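**Student:** Have a look at this one before I ask anything.
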Amino acid sequence: MRRGFVSAVALTGLLGMVAVAPWARADEPMTKTQADTIIEELRQIRKLLERLPSAGAAAPAQPAPDPHVKIGVGTLPPLGRGDAPLTIVEFTDYQCSFCQRLHMAAFAEMKRNYVDTGKARFVSRDLPLAMHPNAMGAAHAARRAGEQDKFWEMRDGLIVNANQLGPDRYNALADELKLDRPRFQKCLAEEKHKGEIAKDMSDAEAAGVNGTPTFVIGRTVGQEVDGVRMVGAQPYATFDAKLKALLGGAQ
């Protein structure tokens, strides 16, 4: 299962996120845009399912993956203090509607209550899925902006505009961030960070991460995090409870 992540395990993870993501609360009706996005996600999942070879007999049940994970923090600039006791690693696909939902519903509170207070640092790693044709280009655009010290600002713009990704959006965001446009476009065309993105993807596979968003949250150990895997666009309260429990153990 490499690069394309087209496997029964990967699809199970994606389907699980449909159920986990809090798209609409009882007091917050789902919008037409959200409904259309879910339908498109399901259509893409169906296409991937149709590509899987059929088996004459049922496949043996796979054991549940160990939730404990030890993984590196990658090469992107972290958000927060380097000496924070905890690290939050998010594997992200910029075209993923569930990553967008998590970013808009829980990220700000995690940043305010844990990153800004020095309790945790937040790290982003790339996992562009094969079902999202614009995810790889967006990953390159974010890293190119990082060369001009605007990674997190570009990351925010890409996730918020997950359903509008493409060269025009990347250039518009570059202008909003006052990037050197010729330099940005030149670097984007060169795909300079292809190897780093591939490394993120291979590390994700080795850690049992096969869908987005997936988090590894745990104790900071140098340039690694020793913790547990959390899958899906969970509500802030879920992250808050896990982070509080880990802080208690880290003190």
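The values are calculated or read from the model by the stated rules, or taken from the named source; none is laboratory data. These numbers come from a predicted model, not from an experiment. Counting neighbours? That spans all protein chains shown, and the Cβs are built from the backbone with ideal geometry, glycine included. Ligands, DNA and RNA are stripped out before the accessible areas are found, and what is left, the full protein with its side chains, is counted by its heavy atoms. Shrake-Rupley method; radii C 1.70, N 1.55, O 1.52, S 1.80 Å.
**Student:** Of the residues that make up the range 122-138, is at least one charged (D, E, K, R) and loosely packed, with under 14 Cβ neighbours inside 10 Å?
**Tutor:** no
**Student:** Moving on. Please count how many residues of the range 209-229 are open to solvent by less than 20 Å² (accessible area, probe 1.4 Å), within 18 Å of L127 (Cα to Cα) and not in a loop (DSSP other than H, G, I, E, B).
**Tutor:** 5
**Student:** Quick check on this structure: which one of G166, G157, G218 is closer than 28 Å to I38 by Cα and in contact with a helix residue (DSSP H, G or I) (Cβ under 7 Å, 6 or more places away or on another chain)?
**Tutor:** G157
**Student:** Could you give every pair whose Cβ atoms fall below 6 Å, whose first residue belongs to the range 93-114 and is over 18 Å from N163 (Cβ atoms), and whose second residue is part of a helix (DSSP H, G or I) and open to solvent by less than 30 Å² (accessible area, probe 1.4 Å), counting only separations of at least 6 or pairs across chains?
**Tutor:** From the range 93-114, the pairs are M110/F239; Y114/L243.
**Student:** Take the conditions surrounded by fewer than 24 Cβ atoms within 10 Å (Cβ to Cβ), touching a helix residue (DSSP H, G or I) at 6+ places or on another chain (Cβ under 9 Å), under 23 Å from K199 (Cα atoms) and of a type in the set (F, W, Y) and apply them to F91. Does it pass?
**Tutor:** It is false that F91 is surrounded by fewer than 24 Cβ atoms within 10 Å (Cβ to Cβ), touching a helix residue (DSSP H, G or I) at 6+ places or on another chain (Cβ under 9 Å), under 23 Å from K199 (Cα atoms) and of a type in the set (F, W, Y).
**Student:** Now for a separate question. Please work out if A245 is under 23 Å from R112 (Cβ atoms), open to solvent by 40 Å² or more (accessible area, probe 1.4 Å), free of Cβ contacts under 8 Å to residues at least 24 places away in the same chain and among the hydrophobic types (A, V, I, L, M, F, W, C).
**Tutor:** Values: under 23 Å from R112 (Cβ atoms): yes; open to solvent by 40 Å² or more (accessible area, probe 1.4 Å): yes; free of Cβ contacts under 8 Å to residues at least 24 places away in the same chain: yes; among the hydrophobic types (A, V, I, L, M, F, W, C): yes.
Considered against the rule, which asks whether it is under 23 Å from R112 (Cβ atoms), open to solvent by 40 Å² or more (accessible area, probe 1.4 Å), free of Cβ contacts under 8 Å to residues at least 24 places away in the same chain and among the hydrophobic types (A, V, I, L, M, F, W, C), A245 comes out as yes.
**Student:** Among the residues of the range 150-205, count how many are touching an Asp or Glu at 6+ places or on another chain (Cβ under 6 Å) and in contact (Cβ under 8 Å) with a residue 40 or more places away in the chain.
**Tutor:** Qualifying residue count, the range 150-205: 2.
**Student:** Moving on to the next point. Quick check on this structure: which one of E176, E196, E153, E191 is at positive phi and open to solvent by 10 Å² or more (accessible area, probe 1.4 Å)?
**Tutor:** On the way: E176 fails: at positive phi; E196 fails: at positive phi; E153 fails: at positive phi.
Only one candidate passes the filter, namely E191.
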